[in-house]
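Student: Would you mind keeping the following structure in view while I ask a few things?
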Amino acid sequence: MTNELWWLTAEELAAAIRARKVSPVEVVDAVLARIERLNPRLNAIVTLTADDARRQAREAEAAVLRGDELPPLHGLPLTVKDLHLTAGVRTTLGSKLFEHFTPDWDQPIVERLKAAGAIILGKTNTSEFGLVPLACNSIFGDSHNPWNLDYNTGGSSGGAAAAVACGLGPLATASDGGGSIRIPASFCGVFGLKPQMGRVPHVAFPRGWESLSHQGVLTRTVRDTALALDILCGLHPKDRWSLPRPERSFLSACTGEARGLRIAWSPRLGNLPIEPAVMAVCEQAVRRFEQLGCHVTQVELDLPDMSPAQQAIVLCEAAAGMRPRRAEWEQTIYPATRKLLPNSDRLTYDDLLQAHWAREEYWERISPVFEEYDALLTPTAPITAPQNGTLGPKIIDGQTVRALSWLGLCVPFNMTWQPAASMPVGFDPLGLPVGLQIVGRRHDEWTVLQLASAYEAAHPWASLHPPVCD
């Protein structure tokens, strides 16, 4: 077994533990040593539960030696996003309001990973309540992109993406209300799938994001995401939107073969500006799908930018959810989040209705694409990672853009609830990763995983490690 246990996939580690080729104690100790060495530069993990992880590893090792029947992730170390409530572990939600909050219950994603035998190493950095697509807040500050520490990881699952990219656990929980799995995956060079809404059950805390937030994981490989999704999916009594477990496993989608699939390629998803360096990398990736035997057609789509409608829903829900503690929140709010509050105060019930109607109209326009094609490709983001201390560029491809407009390629598929993934396909001239987005039909994560698996088999990325790891 390799001394670099931290670079093994979740699937490989779980199999090695079951086969007694490596012990849970050895794995946890190796990853904790890795965290101690790299995390001070990354600020990816903000609450470390090392003692508890070592205790769980000893218990897991005892179960292996006894010959107990082992769950699928037995002894596997992973991290949990600081928006996911974890019983007995400080969960700040990136907000000063919850700086010392320790919940007494697990949200479903944590509950199911624990039941599968996983060992939690700690919590990963995020933005306040996930409201800003960066990993930054008033408690812990910025996370740093492992490909260039002066740049952000993206968010809000940015700490998770940086941790996975650097081997601080092979798997990390994540959530996505407007790109928060896919954006960090793109910026940090890892794989991230936003499943169909309800595929992974969820119970919102605090209230907000209910109609937008999808739960999932970030991993270095497609198979690890599929493995996790097989464990996490299925009905949950506390989530009225949760979906039944599908008949076929998601891991069975990872065949490395996608010949004959019909793909639509929409480089601007309407008329969104894209940086030329990003476009060049994504166009090359699209040509590679043709080499894999897929039938790719560039389609011109008349689609609006859905970011304003999505933001209206988010802000209305956040403002309503935080109303009981609004005065207290205003005293502690993160500066980037504070800029959003005046917009939330101006929004009306009519604005909220118009936003929800806009999402229905968007679906009416884009659904014909998925009647003709098996999947849709776009860049994940029009830019690579922005510098820390900024909200991203004010100009993209020569066009002046409003703040956070670079979410425009991801946001629509939170509004339509479709599965969508980001996979690494190259780098810009600064050496920052570029992601390509694969959007599937409703309820069809299987084809998204199939396409990503085929691309990964032909053009593997998991062995490309960020410079901070050297």
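Student: Say whether the condition of being basic (Lys, Arg) and closer than 26 Å to residue 213 by Cα is met by at least one residue in region 262-276.
Tutor: Yes.
Student: Go through region 404-438 and count every residue that is of a type in the set (Ser, Thr, Tyr) and outside any loop (DSSP other than H, G, I, E, B).
Tutor: 2
Student: Turning to a different aspect of this structure: Does region 262-276 include one or more residues that are surrounded by fewer than 23 Cβ atoms within 10 Å (Cβ to Cβ), part of a loop (DSSP other than H, G, I, E, B), charged (D, E, K, R) and at pLDDT below 95?
Tutor: no
Student: So residue 61 clears everything in (1) touching a helix residue (DSSP H, G or I) at 6+ places or on another chain (Cβ under 8 Å); (2) part of a loop (DSSP other than H, G, I, E, B); (3) among the acidic types (Asp, Glu) except one condition, right? Which one?
Tutor: The failed condition is (2).
Student: Can you tell me which residues in region 102-134 are closer than 19 Å to residue 70 by Cβ, out of contact with any helix residue (DSSP H, G or I) (no Cβ under 8 Å at 6 or more places or on another chain) and crowded, with 24+ Cβ neighbours inside 10 Å?
Tutor: The one that is closer than 19 Å to residue 70 by Cβ, out of contact with any helix residue (DSSP H, G or I) (no Cβ under 8 Å at 6 or more places or on another chain) and crowded, with 24+ Cβ neighbours inside 10 Å: 118.
Student: Could you please let me know if residue 385 is outside any helix (DSSP H, G or I), within 27 Å of residue 277 (Cα to Cα) and at pLDDT below 95?
Tutor: Taking the combined requirement at face value, the residue does not satisfy it.
Student: Let me ask something else. Please go through region 418-442 and give me each residue that is surrounded by fewer than 21 Cβ atoms within 10 Å (Cβ to Cβ) and touching a Lys or Arg at 6+ places or on another chain (Cβ under 8 Å), ordered by number.
Tutor: If the condition is that a residue be surrounded by fewer than 21 Cβ atoms within 10 Å (Cβ to Cβ) and touching a Lys or Arg at 6+ places or on another chain (Cβ under 8 Å), then no residue fits.
Student: Tell me which of these residue 363 doesn't satisfy, since it passes every other one: (1) surrounded by fewer than 18 Cβ atoms within 10 Å (Cβ to Cβ); (2) hydrophobic (A, V, I, L, M, F, W, C); (3) not in a helix (DSSP H, G or I).
Tutor: Exception for residue 363: condition (3).
Student: If you don't mind, there's one more thing I want to ask. Scanning for something at pLDDT 95 or above, β-branched (Val, Ile, Thr) and farther than 13 Å from residue 222 by Cα, does region 407-415 turn up at least one residue?
Tutor: yes
Student: Let me confirm something: among 88, 122, 94, 117, which residue is at positive phi and not in a loop (DSSP other than H, G, I, E, B)?
Tutor: None of the others qualify; the one that does is 122.
Student: From the residues in region 255-283 that are β-branched (Val, Ile, Thr) and out of contact with any Pro (no Cβ under 6 Å at 6 or more places or on another chain), which one is farthest from residue 404 (Cα to Cα)?
Tutor: Going through the qualifying residues, I end up with 255.
Student: Something else now. Looking at 10, 44, 30 in this structure, which one is surrounded by fewer than 21 Cβ atoms within 10 Å (Cβ to Cβ), closer than 15 Å to residue 163 by Cα and touching a residue at least 24 places away in the same chain (Cβ under 8 Å)?
Tutor: Every option except 30 fails the conditions.
Student: Conditions first: (1) free of Cβ contacts under 8 Å to residues at least 60 places away in the same chain; (2) in a helix (DSSP H, G or I). Residue 300 passes all but one, so which condition is the exception?
Tutor: (2)
Student: Take the residues in region 73-92 that are over 22 Å from the mean Cα position of the chain (by Cα) and within 19 Å of residue 171 (Cβ to Cβ), then tell me which one is surrounded by the fewest Cβ atoms within 10 Å (Cβ to Cβ).
Tutor: That would be 74.
Student: A further question follows. What single numbered condition from (1) of a type in the set (Val, Ile, Thr); (2) buried (at least 23 other Cβ atoms within 10 Å of the Cβ); (3) within 25 Å of the chain's Cα centre (by Cα) fails to hold for residue 17?
Tutor: (3)
The values are calculated or read from the model by the stated rules, or taken from the named source; none is laboratory data. What you see is a predicted model; the values in this text were computed from it and never measured. Because the Cβ atoms are built from the backbone with ideal geometry, glycine has one as well, and the counts that use them run over all protein chains shown.
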